[in-house]
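Have a look at the structure below before the remarks.
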Amino acid sequence: MEQLLKSDLCGWTDDRMLILHDEKNKHDLLARITDVLQARMEQITDTVLFYYVGHGLLIDGGEKLGLAMSDTKDDPLRKKQSSLLLNEVREQLRHLTNATQVEILDCCYAGTASNTQGAANALQDKVSRAVQDKVSRATQEYRGSRYTVTASRRNEEALYQLEDGGLTYFTGYLAEIVTHGIEGAPAHLAAMRIFPELQKRFRRLALAPIGQPVPMPTQLVVNEGGEFPFARNAAYQEHSQESHPPVVADLDPEHRRLPSRRAMLAAGVAAATGLGIVAALWPDSGPGGSQEKIGSPVSPGADRSSLPPTPTIPTTPTPTPTPTIPTTTPTQVTDATALGAPLKGFEATVEAVAFASSGTLLAGGSYDHTIHLWDVANPATPLQVGPYLTGDTDSVNAVAFSPDGRTLVGASWDKTIRLWNVASPLHAVAIGRPVIGTDKVNTVAFSPNGKTLASGGDDRTVRMWNIADPPALAPACPPLTDHTNAVNAVAFSPDGTILASAGWDFTIRLWEVSDPARTRAAGRPLSGHTYSVAAVAFSPDGKTLASAGWDNTVRLWDVSNPAQATEIGLPLTGHTDHVQGIAYSPDGRTVASGSWDKTIRLWDVSDPTRAKPIGSPLIGHTGQVASVAFHPMGKILASGSTDSTIRLWQIE
């Protein structure tokens, strides 16, 4: 890491760096950090970075993260006293409110720093909620910017020894991304732009038979910390290193603050040697100016300082402005424009968005473990409804409303499916206990009659649930096990007779579900995508299926005869990165796709055999687009992104 930071790509200089090796006593270490910070206090107005690589420890029953020193004792009674607590480091930095605080934690259980985990039992769930409450209170008092990125989630062990290079997987991948750059990215790489590339590498690693569980990196963003420009983009095509030293000159004026005053604190214990390593660094000028931000978990519970006050929603009926949403009369879509300001309040990627059938309620599920509800009766002025829904202890990857709009379901990487009564959105309440599965749950969908729920997850199965009696959610049939890797998406046909599922085995599978108790495969797997299939959606007439792939394509499939389904025409191309979200308009004439290239594209599919792009890509999100959903009336589109916002678009 020291070598990487000193490179021309990052621009940290020796006179701004203090490297401490083999630190044994945390009290001496904290004293040295204090001395250095006090001596440099006036100079540190841009960024302070703390880096740790080594052994992470769960302290106080998992409520705190301990960073092992070389003399840390394994005895539970002495572990807390002899390890460096992350909270102790944060306490040293709390006065630097003018500087963005960046934390890079390469250790086991690092997600404790962002409360990002997959709880396996009630005790862990209780601890997670306690941590979340404490984090929330602490963040409300903290007014600066912070970005935390971790090598693992709270209940996961990190991977060490990347081949024989001596680096951990996490630090090795980070160095690889910075060294090679990111094609198509701006001249400077913000920390949040690097994070999805880390995710990609660990996702790919999970596909390889390495013989041990693969953790997932997480990020936590507080007050714009993730915009911190970490490095110059080595893959940027319009400059050379000679003509473009620090990227600070490439930032727009409102993102500049010269001269840069940055501080980096890095701490760690090398896994291979057990030696304590701590470094403090203060570069004169970083790779790209001073706009900072902190990322959130993959998976991604987080600090709440970026949340706006909860809007006050009247409890008595009040006149509602006339919605500005046209009817579903088929029209030729020609373009779309952003509608109002982004919907904020999330602390991490908005992984899923869904409209209720009434069209007045929008739900968003996030890597920050929460679901937010918005009153979109007037989409030009949406209002956040009540407090966000909590209970999940890991990323909420999918949300879906029941056909009557009274029930909301969320699927999470904490292995659970949760049902919520949202008949009165201001007072939404959980329905029964969550269903706990065997692995991360990636996707969920209601059947058109509202009596069955389908889910898919990292256990490679599709599962059908009887929800006629929600408090007693029960399997409708044995798990469907034909997929050979994680299942990313499920979708019911409009008549409820066919279920489509898609996953990391690069295939789409169709299932006959007329009688959920006798679910069976309908035909052969649909092959064509050359990478993971992230999302699927049926056309309103049920004859066509659209799919979104990590091969950067959208594909259309003729499923009028599920037993002999075939691909229609050539793949729809134009996106330059993974396509993550897909949605059909209610009239069936338009498909919307959201991509990691930060754009949304509209496709004219009125004649599926001659599908074509509509207008220019929709640009507005500053992060990857993770999800898209059409309003029931068809003239509003919602999108969720890694920039922690939802945007609404007026379809024209």
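The values are calculated or read from the model by the stated rules, or taken from the named source; none is laboratory data. The structure presented is a predicted model; accordingly, all values stated were derived computationally and were not measured. FYI the Cβ positions are ideal-geometry reconstructions off the backbone, even for glycines, and counts take in every protein chain you see. For the accessible areas, the whole protein counts, side chains as well, though only heavy atoms, and no ligand, DNA or RNA atoms are used. Shrake-Rupley method; radii C 1.70, N 1.55, O 1.52, S 1.80 Å.
Sort through Thr393, Thr407, Thr327 and tell me the only one that's hydroxyl-bearing (Ser, Thr, Tyr), in the same structural domain as Ala430 (by the TED database) and modelled with pLDDT under 90.
Thr393
Take the stretch 201-233 and flag every residue that is within 22 Å of Ser7 (Cβ to Cβ), open to solvent by less than 30 Å² (accessible area, probe 1.4 Å) and modelled with pLDDT of 80 or more.
Pro217, Pro229, Phe230, Ala231, Arg232, Asn233
Can you work out which of the residues in the stretch 342-384 that are among the polar types (S, T, N, Q) and under 15 Å from the mean Cα position of the chain (by Cα) is farthest from Val625 (Cα to Cα)?
Ranking the candidates gives Thr370 first.
When you go through Ala489, Ala522, Ala535, Ala468 one by one, which is the residue that is touching a helix residue (DSSP H, G or I) at 6+ places or on another chain (Cβ under 8 Å) and of a type outside the set (S, T, N, Q)?
Ala522
Which residues, counting only those in the stretch 399-412, are within 18 Å of the chain's Cα centre (by Cα) and open to solvent by less than 10 Å² (accessible area, probe 1.4 Å)?
Hits for the stretch 399-412 are Gly410, Ala411, Ser412.
Being open to solvent by less than 50 Å² (accessible area, probe 1.4 Å) and under 20 Å from Gln580 (Cα atoms): is that true of Gly523 here?
Criteria not met by Gly523.
How many residues are open to solvent by less than 20 Å² (accessible area, probe 1.4 Å) and out of contact with any Ser or Thr (no Cβ under 7 Å at 6 or more places or on another chain) when one looks only at the stretch 337-355?
Number satisfying all stated conditions: 2.
Determine whether Thr609 is over 25 Å from the mean Cα position of the chain (by Cα), open to solvent by less than 10 Å² (accessible area, probe 1.4 Å) and modelled with pLDDT of 95 or more.
No.
Could you grab the pairs with beta carbons closer than 9 Å, sequence gap of 6+ or different chains, first residue in the stretch 594-606 and in the same structural domain as Phe630 (by the TED database) and on the phi > 0 side of the Ramachandran plot, second one among the β-branched types (Val, Ile, Thr) and in a strand (DSSP E or B)?
Listed pairs, sorted by first residue: Lys598/Ile619; Lys598/Val625.
Just the residues that are within 18 Å of Pro617 (Cα to Cα), over 20 Å from the mean Cα position of the chain (by Cα) and not aliphatic (A, V, I, L, M), please, taken from the stretch 548-587.
Those that are within 18 Å of Pro617 (Cα to Cα), over 20 Å from the mean Cα position of the chain (by Cα) and not aliphatic (A, V, I, L, M): Thr553, Arg555, Pro571, Thr573, Gly574, Tyr584, Ser585.
Mind checking which pairs have a first residue in the stretch 207-229 that is farther than 25 Å from Asp414 by Cα and a second that is hydroxyl-bearing (Ser, Thr, Tyr) and modelled with pLDDT under 75, Cβ under 7 Å, 6 or more apart or different chains?
Once the first residue is farther than 25 Å from Asp414 by Cα and sits in the stretch 207-229, its partners that are hydroxyl-bearing (Ser, Thr, Tyr) and modelled with pLDDT under 75 give Asn223/Ser305; Asn223/Ser306.
Suppose the filter is modelled with pLDDT of 75 or more and β-branched (Val, Ile, Thr); does Thr45 pass it?
For Thr45, the condition - modelled with pLDDT of 75 or more and β-branched (Val, Ile, Thr) - is not met.
Scan the stretch 172-193 residue by residue and report those that are within 13 Å of Trp596 (Cα to Cα) and either among the aromatic types (Phe, Trp, Tyr) or surrounded by 23 or more Cβ atoms within 10 Å (Cβ to Cβ) (or both).
Across the stretch 172-193, the qualifying residues are Met192, Arg193.
Only one residue in Ser616, Ser644 is at pLDDT below 95 and assigned to a strand (DSSP E or B). Which one?
Result: Ser616 is the single residue among Ser616, Ser644 that is at pLDDT below 95 and assigned to a strand (DSSP E or B).
Here is a list: Val591, Val559, Val533. Which entry is more than 24 Å from Thr461 (Cα to Cα) and modelled with pLDDT of 95 or more?
Val591
Name every residue in the stretch 551-576 that is open to solvent by less than 20 Å² (accessible area, probe 1.4 Å) and not aliphatic (A, V, I, L, M), in order of residue number.
Within the stretch 551-576, Thr553, Trp557, His575 meet the criteria.
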